[in-house]
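The values are calculated or read from the model by the stated rules, or taken from the named source; none is laboratory data. Every value quoted in this text rests on a predicted model; they were computed, and no experiment measured them. Neighbour counts run over all protein chains shown; Cβ positions are idealised from the backbone, glycine included.
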Amino acid sequence: MKALVCWLTVLLTAGLAALPAAAQEAEAVPSVDEIVQRANHMAYYQGLDGKSAVLMKITDKNGNVRTREFIILRKNGDGGNQKYFVYFLQPPDVRRMVFMVHKFAALDKDDDRWLYLPSLDLVNRIAASDKRTSFVGSDFLYEDVSGRSLEEDVHELTQVTEERFLIKNTPKNPASVEFSYFTVEIDRKTYMPMKMEYFDKSGTLYRVIEAKKVEPISAKEGDRQVEYLTVTESVVKDLKTGSTTEMKFSNVQYNLGLNDDLFTERYLRRPPREAMR
């Protein structure tokens, strides 16, 4: 299916306390490439397609709250390509707005992004340079919704703990992004990314994304029933502005057989009702 205060030192230390050397040697650690590929799959590629309802709550530093309600649809393609379709339900000022992405795995091909604004009856193309801007006024970015290509960063396994891998990701093209690097904490058992921290050009932590709740979602896969481990609550915190955005996912479904036609410009203005239910 688009991140105030720093954690208490004791919690951070406990979460990243290194395993004894003997314990690390006893359990084989995968390569960093395998870790990030499996984590990327867990975060963005489970199932053939997916759908969920999302409630977004944006809270500024003064405690003022704004909400967004939308449906997000995702369909996997070949070779890591994907399509996303986000249809807004509430509030009235964004109702019927649509955000659509055609995501390409190849580093030499920019993702295609569209935003339909019903108040103007206007379809805008979102430039590749804008993918790290705010997603509908929240602390999530457009790139957060569909994910960042693994090929854009150099990945380094910096720490292994009893529960998590810690990966440092440094952009290959520093001028293309506002951060100097970001880290990801990945659950060792499930390979689910649990926490991301972004550091600015001076090396100061300024943005945190965290998975707050993870649940198994049952779905049919062919002729068998399987469970997909899914983040159903996440939060992003902007440490510079003091703003926080929470997202809660409900009615999560996988393997619906979504039609490719849905993810085309013709449906930006009039999405099929059956897809929005």
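The lone criterion from (1) farther than 20 Å from Pro271 by Cβ; (2) in contact with a strand residue (DSSP E or B) (Cβ under 8 Å, 6 or more places away or on another chain) left unmet by Asn62 is number (2). Among the residues of the range 165-178, the ones that are within 19 Å of the chain's Cα centre (by Cα) and charged (D, E, K, R) come to 2 in all. Of the residues making up the range 84-128, those that are part of a strand (DSSP E or B) and of a type in the set (D, E, K, R) are Lys103, Asp112, Arg113, Arg125. Highlighted here are the strands (runs of 3 or more DSSP E) found entirely within the range 146-253 that include at least 3 residues which are crowded, with 19+ Cβ neighbours inside 10 Å: 164-171, 181-187, 193-199, 205-221, 224-238. Of everything in the range 42-74 that's within 15 Å of the chain's Cα centre (by Cα) and not aliphatic (A, V, I, L, M), which residue is surrounded by the fewest Cβ atoms within 10 Å (Cβ to Cβ)? Looking at residues that are within 15 Å of the chain's Cα centre (by Cα) and not aliphatic (A, V, I, L, M), I get Tyr45. Taken over the range 15-41, the criterion of being surrounded by 11 or more Cβ atoms within 10 Å (Cβ to Cβ), at pLDDT below 50 and in a helix (DSSP H, G or I) is satisfied by Gly15, Ala23, Gln24. Could you tell me whether Lys2 is of a type in the set (Lys, Arg), in contact with a helix residue (DSSP H, G or I) (Cβ under 6 Å, 6 or more places away or on another chain) and either in a loop (DSSP other than H, G, I, E, B) or at pLDDT 95 or above (or both)? For Lys2, the condition - of a type in the set (Lys, Arg), in contact with a helix residue (DSSP H, G or I) (Cβ under 6 Å, 6 or more places away or on another chain) and either in a loop (DSSP other than H, G, I, E, B) or at pLDDT 95 or above (or both) - is met.
Residues in the range 120-140 include none that are surrounded by fewer than 17 Cβ atoms within 10 Å (Cβ to Cβ), modelled with pLDDT of 90 or more, out of contact with any strand residue (DSSP E or B) (no Cβ under 7 Å at 6 or more places or on another chain) and within 25 Å of Arg38 (Cβ to Cβ). Any idea which of Val160, Val226, Val208 is out of contact with any His (no Cβ under 8 Å at 6 or more places or on another chain), under 30 Å from Thr67 (Cα atoms) and β-branched (Val, Ile, Thr)? The match here is Val208.
Checking the structure you have, find out if any residue of the range 264-277 is of a type in the set (A, V, I, L, M) and at pLDDT 95 or above. For the range 264-277, residues of a type in the set (A, V, I, L, M) and at pLDDT 95 or above: absent.
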